[in-house]
Amino acid sequence: MLDRYISGDVERISPEAPVPVIRFREERLVAGGAGNVAANLVGLGVNVFAAGSVGDDIHGWALLDLPLFKKIDHSALLPLGPTTVKTRLLGSGRQQMLRLDMEEKISPSDAEAAMLLSEVSGAVSAGAKLIIISDYGKGCCSPELCRGLIALARKKGVSVWVDPKKSDWESYRGASLITPNIKELSAAAGHPLRNDDEEITAAAISMIKKYGIENILVTRSERGATLIEGDTATHIPVWAVEVYDVSGAGDTMIAVAAAFAAEGLQLREAVKLANAASQVVIGKIGTYSISAAELLDVISERSISVSSKVLTEAEAVKLRAIWRNAGERVIFTNGCFDIIHAGHIDSLSAAKSLGDRLIVGLNSDASIRRLKGDSRPVNGEASRAKVLAALEAVDAVVVFEEDTPEELLSRLRPDVIAKGGDYRPEEVAGREYAEEIVILPLTDGFSTTSVIERSRGV
């Protein structure tokens, strides 16, 4: 749908009726509805295939002329009816004074629904990792089409997420995730719900069991969000922000969570990032899509589990997903780094030069003892990690317990694995989890063993 924002200044009351007169200043056009979901995904660097309805009319032409639609594949947008347009009049101080909706609810015919299903099936076969059904109740997401999309997702083995509008969730049976607000959950449950942790959780679990849904994410305004996975609830609070406009916050929530879940981030962690993104959006005027760089900034400011360079595996996976969606090239290297010497510095600098971000996998103390004997390490893992984190070339340090970083790499999936030494690429542990393997030359005359021997006078 097309969102129009007409801004002006209110300086007097009309002599014709007791209403304010707005002196026009500017008009802004942005994609709303499913278009806003697409805009948020594009802002995070995600490739988007859009299927649905845009009218063959002046508003539809204006919508498709927006920069967003130059960045996505919108070949499956059919002219099912007139373009939905929401026009908001903003007065002095950006205060919303009036909203005018132009819409006509038209469901796709059987042939049109079959065409949309075929287009989505082709996109999934071409590599799409996740399907989002953004149901705004305008007719396009008919019960038959929703059921067909969910069946398609199940058959193809991809997740299907739903932002619901219907009160009867039979159309969404079997979805991987549904993202209602309290009003929508209340309508589906058949009775009003208080914004209470226990009541929201109980209602969501009931709906999961009733409709065979895997997970439900409830957006709860000032109470943040609650994610229910099976019968386990995670309550995610909000921080204090000045709210200017809540329009589009739900679009941001589902888009950002989907972007990072598709990158392999655990659902709970993806939702935390999405919650942070939605807090940015409600502080803006009008429909707004967040960028990966902006999300990274707010995470740094709010210290959402990634305030230090020394990270847990889960934190590193989260940060890697943000970097990747910001278009940054992620490099991985690993080692014991027991006593940092010039050879290490050269190797780390060379690794960093291969991309934008460098993650260092660090063998734990127990791992080093298994590999090198009880006399090692000389320095404990906390000290070694702290020294590495202080280096400018290093963006993150992750300690792993195994003898090789293969398990860590299976989750991180960097763009490049950089390995120092005389290895051949096919000998590098975890090589199948990166697009490229680079073997770095060693600096002559430097090794941890030689440093230890010289210190002992050997």
Exercise for the section: With the condition kept exactly as written, say whether any residue in region 146-157 is among the aliphatic types (A, V, I, L, M) and farther than 29 Å from ALA276 by Cβ. Expected result: yes
Practice task
Please find, within region 401-428, the residue that is farthest from the chain's Cα centre (by Cα) out of those that are buried (at least 19 other Cβ atoms within 10 Å of the Cβ) and closer than 18 Å to CYS336 by Cβ.
Solution key: GLY420
Handout entry: Matching residues in region 123-138 - criterion: being in a loop (DSSP other than H, G, I, E, B) and more than 18 Å from ASP251 (Cα to Cα)
Key = ALA126, GLY127, ALA128, LYS129
Handout entry: The listed residue being touching a helix residue (DSSP H, G or I) at 6+ places or on another chain (Cβ under 7 Å) and surrounded by fewer than 18 Cβ atoms within 10 Å (Cβ to Cβ), out of ILE331, ILE359, ILE340
Key = ILE340
Fill in the blank from the handout: Taking region 74-127 and keeping only residues that are of a type in the set (Gly, Ala, Ser), surrounded by 13 or more Cβ atoms within 10 Å (Cβ to Cβ) and at pLDDT below 95, one is left with GLY81, GLY91, SER92, SER107
Problem - Enumerated strands (runs of 3 or more DSSP E) restricted to region 17-120, each holding at least 3 residues that are within 19 Å of GLY137 (Cβ to Cβ) - result: 49-53, 85-90, 96-102
Completion exercise
Restricted to region 373-386 and to residues being surrounded by fewer than 17 Cβ atoms within 10 Å (Cβ to Cβ) and under 22 Å from LEU409 (Cα atoms), the residue nearest to the chain's Cα centre (by Cα) is LYS386
Exercise for the section: Give the residues of region 108-141 that are closer than 20 Å to MET1 by Cβ and among the basic types (Lys, Arg), sorted by residue number. Expected result: LYS138
Exercise for the section: Determine, yes or no, whether LEU348 is buried (at least 23 other Cβ atoms within 10 Å of the Cβ) and in contact (Cβ under 8 Å) with a residue 12 or more places away in the chain. Expected result: yes
Exercise for the section: Select from region 92-129 the residues that are of a type in the set (Gly, Ala, Ser) and more than 27 Å from GLY264 (Cα to Cα) and list them in ascending order. Expected result: SER92, GLY93, SER107, SER109, ALA111, ALA113, ALA114
Exercise for the section: Being of a type in the set (Asp, Glu), within 30 Å of ALA126 (Cα to Cα) and in the same structural domain as GLY127 (by TED's automatic domain parsing) narrows it down to one of ASP73, ASP56, so name that one. Expected result: ASP56
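Residues checked against (1) in contact (Cβ under 8 Å) with a residue 40 or more places away in the chain; (2) closer than 15 Å to ASN215 by Cα; (3) of a type in the set (Val, Ile, Thr); (4) touching a strand residue (DSSP E or B) at 6+ places or on another chain (Cβ under 8 Å):
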{"site": "ASP135", "(1), (2), (3), (4)": "no, no, no, yes"}
{"site": "CYS140", "(1), (2), (3), (4)": "yes, no, no, yes"}
{"site": "LEU145", "(1), (2), (3), (4)": "no, no, no, no"}
{"site": "GLY148", "(1), (2), (3), (4)": "no, no, no, no"}
{"site": "LEU152", "(1), (2), (3), (4)": "no, no, no, yes"}
{"site": "GLY157", "(1), (2), (3), (4)": "no, no, no, no"}
{"site": "TRP161", "(1), (2), (3), (4)": "yes, yes, no, yes"}
{"site": "LYS166", "(1), (2), (3), (4)": "no, no, no, no"}
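The values are calculated or read from the model by the stated rules, or taken from the named source; none is laboratory data. Note that this is a predicted model, so its numbers are computed, not measured. Heads up, the Cβs are rebuilt from the backbone with ideal geometry, glycines too, and the neighbour counts pull from every protein chain shown.
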